[in-house]
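In what follows, a single structure is set out as structure tokens and then discussed.
The values are calculated or read from the model by the stated rules, or taken from the named source; none is laboratory data. Bear in mind the structure is a predicted one, so any value in this text is a computation, not a measurement. Cβ placement follows ideal geometry from the backbone for every residue including glycine, while neighbour counts extend to all protein chains displayed.
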């Protein structure tokens, strides 16, 4: 494990830098950093599925001031926009929900309510429930975007996009934005996607066969043995190793 830690620490030193976010190496985080606020960053994280260039192209087409418009104006502004599972109505309703969330105190405050009662997963559950409570609109694309609360799922998914968002908000370095002060990086949970899942298995960091929340928790605990204060600093390096086919 000592050699593995040294290898991953070297990858972190190499990968956790601004050069990893560029036209040649696109990532939704680069758009979130351009926006520079927690609400638009949440949009960037939740739409971060599919081909990365398509994700970035869609996010670049969005006006950062959408959530400050009146609701009728939002509907008009996004007319004709769509992304994979989300049609124009889904996108309009998402920004209406986000506008309402901002007016009700913002993302961190919604997360705080659950976090202070029961920790990270309770905070995420409360945030997701709050998003649904703010807008009665429902569709397949809309609910896919927001995801399911953990407590209402018999087999919780890895929750990659929302956990990635939490990483962006809590960690602060050349990659992550560090806009929140509510919790320490030591409490973050690995945003597990297929690349990270495959690489972690290959390196012996993960034994669970299913890419779900239990696997994310297992990997997080193993990475805490490398750095108990900031275990998720290894996320971007592991992801790139898989994405670029190195492992």
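Computed values, structure above
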read-out	value
Residue 54 vs. criteria under 21 Å from residue 144 (Cβ atoms), assigned to a helix (DSSP H, G or I) and touching a strand residue (DSSP E or B) at 6+ places or on another chain (Cβ under 9 Å)	yes
Check on residue 193, at pLDDT below 95 and either on the phi > 0 side of the Ramachandran plot or under 13 Å from the mean Cα position of the chain (by Cα) (or both)	yes
Complete set of residues in the stretch 78-97 that are part of a helix (DSSP H, G or I) and more than 18 Å from residue 147 (Cα to Cα)	88
Given (1) outside any helix (DSSP H, G or I); (2) without any contact (Cβ under 8 Å) to a residue 60 or more places away in the chain; (3) in contact with a helix residue (DSSP H, G or I) (Cβ under 6 Å, 6 or more places away or on another chain), index of the condition residue 136 fails	(3)
Selected residue (criterion: surrounded by the fewest Cβ atoms within 10 Å (Cβ to Cβ)) from residues of the stretch 98-115 that are without any contact (Cβ under 8 Å) to a residue 40 or more places away in the chain and in a helix (DSSP H, G or I)	103
Neighbours by Cβ (under 6 Å, 6+ apart or cross-chain): first from the stretch 14-28, on the phi < 0 side of the Ramachandran plot and free of Cβ contacts under 8 Å to residues at least 40 places away in the same chain; second surrounded by fewer than 18 Cβ atoms within 10 Å (Cβ to Cβ) and assigned to a helix (DSSP H, G or I)	26/52; 26/53
Residue tally, condition in contact with a helix residue (DSSP H, G or I) (Cβ under 7 Å, 6 or more places away or on another chain) and within 17 Å of residue 63 (Cβ to Cβ), over the stretch 91-116	9
Yes/no for residue 75 being closer than 27 Å to residue 25 by Cα, part of a helix (DSSP H, G or I) and in contact with a helix residue (DSSP H, G or I) (Cβ under 8 Å, 6 or more places away or on another chain)	no
Residue 119, sole failed condition from (1) free of Cβ contacts under 8 Å to residues at least 12 places away in the same chain; (2) exposed (fewer than 15 other Cβ atoms within 10 Å of the Cβ); (3) within 30 Å of residue 195 (Cα to Cα)	(1)
Residue among 183, 164, 169 that alone is modelled with pLDDT of 95 or more, over 15 Å from the mean Cα position of the chain (by Cα), closer than 21 Å to residue 116 by Cα and surrounded by 18 or more Cβ atoms within 10 Å (Cβ to Cβ)	183
Helices (runs of 4 or more DSSP H) lying entirely in the stretch 155-247 (those with 1 or more residues that are over 23 Å from residue 39 (Cβ atoms) and touching a residue at least 60 places away in the same chain (Cβ under 8 Å))	194-203, 213-224, 235-243
Qualifying positions in the stretch 139-151 - farther than 17 Å from residue 164 by Cα and in a helix (DSSP H, G or I)	140, 141, 142, 143, 151
Members of the stretch 7-44 found to be outside any loop (DSSP other than H, G, I, E, B), within 30 Å of residue 100 (Cβ to Cβ) and out of contact with any strand residue (DSSP E or B) (no Cβ under 9 Å at 6 or more places or on another chain), listed by number	28, 30, 31, 34, 35, 39, 40, 42, 43, 44
Which numbered condition residue 64 fails, given (1) crowded, with 16+ Cβ neighbours inside 10 Å; (2) at pLDDT below 95	(1)
